[in-house]
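The values are calculated or read from the model by the stated rules, or taken from the named source; none is laboratory data. All of these numbers come straight from a predicted model, not from anything done at the bench. For neighbour counting, all protein chains shown are included, and Cβ atoms are generated from backbone atoms with ideal geometry for every residue, glycine included.
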Amino acid sequence: MTQPSVKVQIAPESVPTTPSWFGEVAVLAHVCTQFGLLDAIEQRVRFARPRFGHYDTIDFLVVLIGYAVSGEATLKAFYERLWPFAPTFMALFGRNALPCQSTLSRFLAVLDQPSVEALRLLFQEDLVARTPFGSPAGGLWDRLGNHWLLADIDGTKQVARQRALPQTQDLPAPHRRFELVCAKGYFGRKRGQVGRTRTTVLQPYTHQWLGTFSGPGNGDYRAELRHALQAITVYATAFALPLTHVIVRVDGLYGNTAPVNEILSSQCGVIGRSKEYSWLDLPAVQTRLQSPPDVQVTHPESGTVRDLYDCLAVPLTPTGPVVRLLVATHPASDRKPAIGVVRNETVYELFYTTLPPRAFIASDVLHLYLHRGSFETVLSDEDQEQDPDRWVSRTPCGQECWQIISQWIWNLRLELGQQLSPTAMRVMEFAPASVVEPTPVVEPTPVVEPTPVVEPTPVAKPIAYGPPQWARRSFTKGFAGSDFALQPDGTLRCPAGHPLTVHERRPERNGSVRIVYGARACHCCPCPLRAQCQESATTIKPRQVSALVWPLSSSTSTTTVPPPPLEAPPTLLELPQSLPPPEPAPFPVLWGDWPRCSLRRQWVQLLRSQMVLLSSATVQLEKAQASKPPDRHTRAQRAHWRLNWNERLVRNARSSSTPPLAITLHGLPATFAQFFGFALVTAA
């Protein structure tokens with residue numbers, strides 16, 4: 001029973017409450033206006049189609065922006081919640097009337113690919129236009145102190161269930177609404193399922209999306225890979241990062257020769273899992289597997305112990321490419337392994353990379369690949385908070401337009417969250433520094449004096465070698481070996497700026513060692529200096545350069561070896577006699593990033609828990625628009641003459657004579673308001 005001191009009243013007049021997400025929409029609309037994003041969409045994303053009334057492309061895109069921010073399950077639920085505040089919502093973006101749901105569906109159904117690509121280009125440009133996390137945002141530092149940038153490529157699938165319909169001669173062919181946007185594929189082998197695959201590109205340090213590319217069914221993974229590499233290249237170029245220091249992490253879908261060639265042709269580094277187990281039969285791999293493993297790694301969660309064999313330079317085909325192949329082995333169990341191939345009761349897993357061995361040892365490469373599991377957590381957060389894979393349109397272009405808008409809102413939320421509560425970059429020791437082992441060898445030396453262990457000690461030390469001696473210039477006057485600059489990481493740099501890595505080290509006469517450097521075919525084939533460098537423009541083999549080094553302690557080298565050329569660098573090469581892989585530098589691998597969830601969730605929770613006040617002029621505007629007299633048509637409109645782009649935009653633009661609206665948002669700090677140009681409420 002109600003207490004006498006409490007009086008509950010009922011008012012028959014309907015007064016809907018402001019949606020909890022309306023404050024965030026107001027902030028995003030203001031920010032997009034301040035940054036010029038709305039003007040850029042109006043001028044660059046142009047699409048003309050009849051039967052849209054007086055609406056233009058910007059009117060439909062702002063509806064999708066509000067739908068992405070709201071988190072409503074369906075467009076129908078979004079429209080029902082938005083309809084009482086439709087004039088205010090459109091006024092936030094400088095527009096007048098809200099297009100109804102059926103008009104939006106028709107727009108998405110006929111949207112063309114050039115408009116989608118124009119929107120995608122704006123999304124990529126806005127990603128690098130502001131750097132709230134720093135420039136570059138986070139990264140990976142190797143054992144030599146060099147900075148690297150990682151980018152993850154992975155796909156996600158969305159399933160649509162269709163009813164099973166009888167198909168007989170006396171029945172017309174069934175009409176499927178998803179026949180344009182979906183196709184049959186592998187989605188769990190359930191009856192009546194069709195789906196769509198979306199390939200996404202993630203920057204794992206700030207957790208910002210770099211792009212999204214989708215296709216029906218299992219998708220065209222080769223074409224989507226090319227688009228993803230192009231987005232990564234644009235991102236790295238905007239921050240002036242060399243592509244050779246950009247690492248692309250991919251899964252086993254891109255684990256055969258053709259995708260590897262496409263990744264290497266983009267000049268980016270790569271870490272990936274291979275599904276081409278025939279690479280195990282290559283002579284270089286078989287020879288390496290006969291030797292002891294480089295290191296043994298234990299997974300901290302599963303407890304799996306892997307033996308790692310590092311094959312530094314393996315030609316995957318006779319014409320290339322040459323990659324660094326990592327073979328991980330562990331004993332097979334009674335169950336068939338989910339990943340890998342079983343040979344002689346041993347499970348073999350293959351990983352390929354182009355990372356230099358001195359900067360990343362074998363265990364670093366394995367840990368970097370397994371670390372890409374964090375990609376799944378970001379996809380899970382995206383599905384829970386925005387669900388960009390939900391069906392908005394039954395056409396490919398309409399669905400992809402919605403997914404671009406969703407990723408754009410995700411990135412803007414991260415940026416606004418960083419401005420709301422600035423967070424410094426977190427630095428993590430991804431892999432500890434390599435332990436220098438010669439120190440404890442000194443202690444057992446006096447204990448075991450008679451043994452000959454003391455004699456091999458100077459033999460195991462590195463031998464100092466003199467400057468490399470390059471081959472002389474050929475009669476065709478092409479590039480000589482001395483024209484290739486030696487780099488601090490042990491590679492060469494050709495006159496065109498491409499790297500040459502060590503392919504072979506073989507001992508020769510009188511203690512000398514010949515080092516063979518090789519370039520990549522993807523660098524040599526399109527090179528404009530190819531004819532001058534390789535003396536032929538038709539050869540398919542990449543350029544190779546060899547250098548001969550002599551030990552400084554050898555007496556024979558002083559009498560038989562000519563003096564080094566003047567162009568040779570004065571540095572010394574230290575090569576052991578047994579020629580093992582180069583030892584890593586004794587520095588840890590560092591990882592710098594920002595929080596994944598707190599920035600976005602603090603931003604959303606704050607705005608959805610604070611009051612949003614609408615001025616009384618808002619109610620008057622809604623009533624005035626409801627009783628607005630019909631517009632007077634011009635002769636051009638009655639004659640259906642074509643309108644130019646500016647005239648199309650003006651039709652639904654908010655009039656300058658309309659009284660301004662006042663929306664008050666609570667809970668945001670003054671520094672945030674000053675940074676984005678919001679007006680502050682004066683204290684009473």
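Numerical summary
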item	result
Complete set of residues in segment 250-300 that are among the small types (Gly, Ala, Ser) and under 21 Å from residue 376 (Cβ atoms)	252, 255, 272, 274
Sole residue being more than 36 Å from the chain's Cα centre (by Cα) and acidic (Asp, Glu), chosen from 535, 504	535
Exclusive hit being over 18 Å from the mean Cα position of the chain (by Cα) and free of Cβ contacts under 8 Å to residues at least 60 places away in the same chain, set 144, 165, 108	165
Residue match in segment 56-74 (condition: surrounded by 19 or more Cβ atoms within 10 Å (Cβ to Cβ) and over 19 Å from residue 409 (Cβ atoms))	yes
Residues being over 15 Å from residue 121 (Cβ atoms), not polar (S, T, N, Q) and not in a loop (DSSP other than H, G, I, E, B) - total across segment 15-38	12
Output for segment 221-253, where each listed residue is buried (at least 22 other Cβ atoms within 10 Å of the Cβ) and closer than 16 Å to residue 275 by Cα	249, 250
Subset tally (residues that are outside any helix (DSSP H, G or I), out of contact with any Phe, Trp or Tyr (no Cβ under 7 Å at 6 or more places or on another chain) and not polar (S, T, N, Q)) for segment 83-120	5
Residue tally, condition touching a Ser or Thr at 6+ places or on another chain (Cβ under 8 Å) and assigned to a strand (DSSP E or B), over segment 303-324	9
Residue, modelled with the lowest pLDDT, within segment 583-600, restricted to residues that are in a loop (DSSP other than H, G, I, E, B) and surrounded by fewer than 19 Cβ atoms within 10 Å (Cβ to Cβ)	583
Of residues in segment 213-229 being touching a residue at least 12 places away in the same chain (Cβ under 8 Å) and part of a helix (DSSP H, G or I), the one farthest from residue 195 (Cα to Cα)	229
Set 324, 306, 288: member being surrounded by 18 or more Cβ atoms within 10 Å (Cβ to Cβ), within 13 Å of residue 348 (Cα to Cα) and touching a strand residue (DSSP E or B) at 6+ places or on another chain (Cβ under 9 Å)	306
Verdict on residue 210 being among the hydrophobic types (A, V, I, L, M, F, W, C), more than 24 Å from residue 393 (Cβ to Cβ) and either part of a loop (DSSP other than H, G, I, E, B) or in contact with a helix residue (DSSP H, G or I) (Cβ under 7 Å, 6 or more places away or on another chain) (or both)	no
Count of residues meeting criterion [out of contact with any Asp or Glu (no Cβ under 9 Å at 6 or more places or on another chain) and either surrounded by 21 or more Cβ atoms within 10 Å (Cβ to Cβ) or outside any helix (DSSP H, G or I) (or both)] in segment 370-388	2
Boolean, residue 37 is outside the structural domain of residue 393 (by TED's automatic domain parsing), under 19 Å from residue 398 (Cα atoms) and in contact with a Leu (Cβ under 9 Å, 6 or more places away or on another chain)	no
Only one of 160, 173 that is surrounded by fewer than 22 Cβ atoms within 10 Å (Cβ to Cβ), at pLDDT below 90 and assigned to a strand (DSSP E or B)	160
Single condition residue 331 does not satisfy, out of (1) modelled with pLDDT of 90 or more; (2) under 15 Å from residue 369 (Cα atoms); (3) surrounded by fewer than 20 Cβ atoms within 10 Å (Cβ to Cβ)	(2)
